[in-house]
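**Student:** Below you'll find the structure I mean.
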């Protein structure tokens, strides 16, 4: 077995090539994944998210919980799990779903039981952040790694103040300090074009992603 | 489909598969290139007209999408920056690797060191054996293709299920992926329909949605019953000890979320110094790979399930693969390590577009395949690939990190000559030519002889017959003679 020292020795034994130096963060030029000057982050988020087949709906704080229930009903969901990262909305969402006659469980309770998790119709999560320029939502290990993927429908609640401009703002900012064991960007429903380049949604993850943007 | 021979048993690793769903039989391809030549493989693939049409359709679409994606942005400046980041990371790889290992271990990731392909197989198989792993789900990993991981695990009695739709088809057919991003570009919907129908034991509807649905159901079952998930990695982030991974189907996310063990096999050259570098490299990887703004899923994994988290693996292992990489550091071919595996050079290569990925014989196709194969496998096993190119430079133009592929290919040709791999007759002919053209008199004499000889062979000013001694060259090319003054 190669141990760390001998493995590293092989890597370090060769002569060094030319080092051009590391560009600093500020020097990064614009990319398609950054906000353009004068753009509204919320509008760009909606445009990009819709371009990859995400359903985006703007709601106000008071109407958020009932909008979640309505989104689940529109997807024809029966069995639903909700993630703890909904924060203040956790209890109102639970209540709204119950009033709508849905079977509601906490994702943390469902996750250890594979059969139950596999039978879910939908999951509801919050997010750590959202990225305007890519139309992405960012979830973490605290949300649940599979929480956004395990069911055919994913409903995600995004607060307007969670929307960052672009990839740079996400990876350079403090927001990821709360990421835990992992973070992930997801942009629209799961997709594949492996069979003769025909686009299919909902391959392994959800086929329906509904974002409620709380403004 | 004769290649399809589903296993008889409907139970693998002690767990039943869904009713009527047979596990695919893996038929490993040839691990050595020595059995066939590029010319033989190219000839075989040229006889498959669907492949050429499919490659043209798919790659044109991707290249147009890429151009649209970066229109109006500072694309060139972004590529310059990416090149600098990659060059800096590779030049300082010893430092960044040490840093990455320290940070990863501090986050609870267990790191393993594979000097070569055989050691990578031993480590992964050993981890599985020690932990009683009966079934493994895999998300797409080119590194695992490099080390032929599947056959090693299956040899150890482990049930391995590829979960990327294309890789799943490849595995079930006993085939190999033909493109880094689109593994079954060379397969028709009809072939997939036939395969899945055979696996289902019934005639499935011949439409992509239904076929994908069939695969999803069986693969979901595999996800829920697997003990370990094996993935690759697109980037290692030195600053944080994380592994970043991009997928579109979501299989990468499930592979690293549901099983109790996650094992990532990653080449050491995937290093980025900082998280901030993702903001430069991610848009280039996804934009040049598929034309997407960003792939549907980007996971950045920094250890096993954390305290208070509702799911995730109990153990995260990363197997760092050298496999011929460290030998390139500081040398003429170091820039080959800058590659981020987007496949763009493949898409624009006039040779790849005709012969397809399999003609390259090993794991990687197109210009980067023609470079990496002899570097990782040795001249004898892939040196001829440096001639499987027109040197048109389209690959240089499109590379998101500006690897001078054209120069690397020329360098490999020079090395091949220096190592005397070319046939004796070829070397003697070039030496004689060189001597003859050194002096004006012998130069003029040689052209006179050539003109007279070719005039005998020509019909209406065109030589299209096999010329003695040059038959291999003229068999596929016409030589048009200039009009005599």
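The values are calculated or read from the model by the stated rules, or taken from the named source; none is laboratory data. Everything numeric in this text was worked out from a predicted model, so none of it was measured. Positions of Cβ are generated from backbone atoms using ideal geometry, with glycine treated the same way; all protein chains shown enter the neighbour counts.
**Student:** Name the residues in segment A:101-124 that are within 13 Å of chain B (Cβ to nearest Cβ), buried (at least 24 other Cβ atoms within 10 Å of the Cβ) and within 20 Å of residue A:211 (Cα to Cα), would you?
**Tutor:** Correct list: A:107, A:123.
**Student:** Let me ask something additional. I need the full set of residues from segment B:88-102 which are out of contact with any helix residue (DSSP H, G or I) (no Cβ under 8 Å at 6 or more places or on another chain) and surrounded by fewer than 18 Cβ atoms within 10 Å (Cβ to Cβ), in order please.
**Tutor:** If the condition is that a residue be out of contact with any helix residue (DSSP H, G or I) (no Cβ under 8 Å at 6 or more places or on another chain) and surrounded by fewer than 18 Cβ atoms within 10 Å (Cβ to Cβ), then B:95, B:102 are the ones that fit.
**Student:** Then there is this: Of all residues in segment B:283-315, count the ones that are more than 26 Å from residue B:366 (Cβ to Cβ), more than 8 Å from chain A (Cβ to nearest Cβ) and crowded, with 23+ Cβ neighbours inside 10 Å.
**Tutor:** The number of residues fulfilling the criteria is 1.
**Student:** Just one of the numbered conditions (1) surrounded by 23 or more Cβ atoms within 10 Å (Cβ to Cβ); (2) facing chain A (nearest Cβ under 10 Å); (3) within 26 Å of the chain's Cα centre (by Cα) is not true of residue B:258; which one?
**Tutor:** Looking at each condition in turn, residue B:258 falls short on (3).
**Student:** Hey, another quick one. Would you confirm whether any residue within segment A:193-206 is in contact with a strand residue (DSSP E or B) (Cβ under 6 Å, 6 or more places away or on another chain) and more than 30 Å from residue B:54 (Cβ to Cβ)?
**Tutor:** Looking through segment A:193-206, none of the residues is in contact with a strand residue (DSSP E or B) (Cβ under 6 Å, 6 or more places away or on another chain) and more than 30 Å from residue B:54 (Cβ to Cβ).
**Student:** Within segment B:270-279, track down each residue that is touching a strand residue (DSSP E or B) at 6+ places or on another chain (Cβ under 9 Å) and either assigned to a helix (DSSP H, G or I) or more than 7 Å from chain A (Cβ to nearest Cβ) (or both).
**Tutor:** Of everything in segment B:270-279, those that are touching a strand residue (DSSP E or B) at 6+ places or on another chain (Cβ under 9 Å) and either assigned to a helix (DSSP H, G or I) or more than 7 Å from chain A (Cβ to nearest Cβ) (or both) turn out to be B:270, B:271, B:272, B:274, B:275, B:277, B:278.
**Student:** If I filter segment A:157-187 down to residues being out of contact with any strand residue (DSSP E or B) (no Cβ under 6 Å at 6 or more places or on another chain) and not in a helix (DSSP H, G or I), which single residue comes out as nearest to the other protein chains (Cβ to nearest Cβ)?
**Tutor:** Filtering segment A:157-187 for residues that are out of contact with any strand residue (DSSP E or B) (no Cβ under 6 Å at 6 or more places or on another chain) and not in a helix (DSSP H, G or I), the one nearest to the other protein chains (Cβ to nearest Cβ) comes out as A:181.
**Student:** Hey, residue B:85 hits all of (1) surrounded by 15 or more Cβ atoms within 10 Å (Cβ to Cβ); (2) more than 9 Å from chain A (Cβ to nearest Cβ) but one; which does it fall short on?
**Tutor:** It fails just one condition, (2).
**Student:** Residues of segment B:417-469 being at pLDDT below 85, farther than 25 Å from residue B:387 by Cα and surrounded by 12 or more Cβ atoms within 10 Å (Cβ to Cβ), which ones?
**Tutor:** B:451, B:453, B:454, B:455, B:457, B:458, B:461, B:462, listed by residue number.
**Student:** Let me ask something else. Of all residues in segment A:99-141, which are at positive phi and in contact (Cβ under 8 Å) with a residue 24 or more places away in the chain?
**Tutor:** If the condition is that a residue be at positive phi and in contact (Cβ under 8 Å) with a residue 24 or more places away in the chain, then A:135 is the only one that fits.
**Student:** Name the residue that is nearest to residue B:348 (Cα to Cα), counting only residues in segment B:63-82 that are more than 9 Å from every other protein chain (Cβ to nearest Cβ) and in contact (Cβ under 8 Å) with a residue 60 or more places away in the chain.
**Tutor:** Selected residue: B:63.
**Student:** If the requirement is being in a loop (DSSP other than H, G, I, E, B), touching a residue at least 24 places away in the same chain (Cβ under 8 Å), at the interface with chain A (Cβ under 10 Å from one of its Cβ atoms) and out of contact with any strand residue (DSSP E or B) (no Cβ under 8 Å at 6 or more places or on another chain), which of these qualifies: B:182, B:215?
**Tutor:** After ruling out the rest, the residue left standing is B:182.
**Student:** From A:49, A:65, A:31, grab the single residue that is buried (at least 18 other Cβ atoms within 10 Å of the Cβ), under 29 Å from the mean Cα position of the chain (by Cα) and without any contact (Cβ under 8 Å) to a residue 40 or more places away in the chain.
**Tutor:** Numbers: A:49 fails: without any contact (Cβ under 8 Å) to a residue 40 or more places away in the chain; A:31 fails: without any contact (Cβ under 8 Å) to a residue 40 or more places away in the chain.
Result of the check over A:49, A:65, A:31: A:65.
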